[in-house]
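These notes concern the structure reproduced below.
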Amino acid sequence: MIFFSAYLAADTAKAAAPGAGSSGPVGDIIHLFGSFGVDKAHLSVQVVNFALLAFILYRFAIKPALGQLEDRIRQAEQLQKDRAAAEAQLASAQKTAEAQLIAASGEAARILADARNQAKAAVEAARTEAQAAQTEVIAKARAAIEADRVKMMDEVRGEVSRLVVETAAKVLEQNLDDATRGRLNEAAVKQFAR
C-alpha cells in the first residue's frame with residue numbers, strides 16, 4: 001500500500017507540472033477536479049476503488065435488501081389475496097348467519113306461540129282444579145260447621161237442662177236425688193229438642 005501511495009504521489013507530481021500551463025474550459029475543469037483530489041493518476045485508482053465498493057455494496061447490502069423487498073412485496077400481495085378471500089368468507093358467513101337468524105326467529109315465534117297455548121291450557125286446568133278444590137273445601141267447611149253446631153247445641157242443651165234443674169231445685173228448695181235430677185234433665189232436653 002505504501003508503495004502504491006508513493007507511486008501515485010510521483011504520478012501526481014508529473015501530471016501537475018504539464019497541466020499547470022493549460023488553460024481554458026478543460027483546464028478549469030481539470031483544475032476544479034484537482035482541487036477535490038481527483039487527478040489523472042488517482043482517477044484510475046478511485047474508479048477501481050469505487051467499482052470494488054459498488055460491487056461489495058451491491059453484493060452484500062443492495063442485493064439482500066432488494067431480495068427482502070421482493071419478499072415483502074410477495075407477502076403483501078399474498079396478504080391482499082388472503083384479505084380478499086377472508087372478506088368473501090365473511091360476507092358468506094354474514095349471509096348464512098342472517099339466514100340462520102331469520103330461521104331461528106321464526107322457530108322462536110312458533111315455540112312462543114306453542115308455549116302460550118300450553119300456558120293457557122295449564123291456566124285453565126289449574127282454574128278448574130282450583131274451583132274443584134274450592135268446592136271441596138267449602139263442603140268440608142260446611143260439614144265441619146254443621147258438626148260444630150250440633151255439638152255446641154248438644155252442649156248448650158245439656159248446660160241449659162242442668163241450669164233448669166238447679167234452678168228448679170232452688171225454686172222448689174228441695175234436694176233432689178240423682179235419679180230425679182236425671183229425669184228432669186231428660187225432660188228439659190226433650191223440651192228443648194222440639
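The values are calculated or read from the model by the stated rules, or taken from the named source; none is laboratory data. This structure is a prediction, so every number in the text was calculated from the model and none was measured. FYI the Cβ positions are ideal-geometry reconstructions off the backbone, even for glycines, and counts take in every protein chain you see.
Before moving on, here are some points about what is shown:
- Hey, Gly106 under 24 Å from the mean Cα position of the chain (by Cα) and either among the acidic types (Asp, Glu) or surrounded by 10 or more Cβ atoms within 10 Å (Cβ to Cβ) (or both) or not: yes
- Enumeration of residues in the range 40-65 that are aromatic (Phe, Trp, Tyr) and closer than 20 Å to Ile29 by Cβ: Phe50
Residue-wise test of (1) modelled with pLDDT of 55 or more; (2) exposed (fewer than 13 other Cβ atoms within 10 Å of the Cβ); (3) in contact with a Gly (Cβ under 8 Å, 6 or more places away or on another chain).
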{"site": "Ala10", "(1), (2), (3)": "no, yes, no"}
{"site": "Ala16", "(1), (2), (3)": "no, no, yes"}
{"site": "Ser22", "(1), (2), (3)": "yes, yes, no"}
{"site": "Gly27", "(1), (2), (3)": "yes, no, yes"}
{"site": "Leu32", "(1), (2), (3)": "yes, yes, no"}
{"site": "Asp39", "(1), (2), (3)": "yes, no, no"}
{"site": "Ala51", "(1), (2), (3)": "yes, yes, no"}
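- Count - residues of the range 100-158 that are closer than 30 Å to Ala187 by Cα and small (Gly, Ala, Ser): 4
For (1) in a helix (DSSP H, G or I); (2) modelled with pLDDT under 90; (3) over 40 Å from the mean Cα position of the chain (by Cα), each residue gets a yes or a no:
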position: Ala86; (1), (2), (3): yes, no, no
position: Gln94; (1), (2), (3): yes, no, no
position: Thr135; (1), (2), (3): yes, no, yes
position: Glu159; (1), (2), (3): yes, yes, yes
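- Residue within the range 45-53 that is assigned to a helix (DSSP H, G or I) and in contact with a helix residue (DSSP H, G or I) (Cβ under 8 Å, 6 or more places away or on another chain) present: yes
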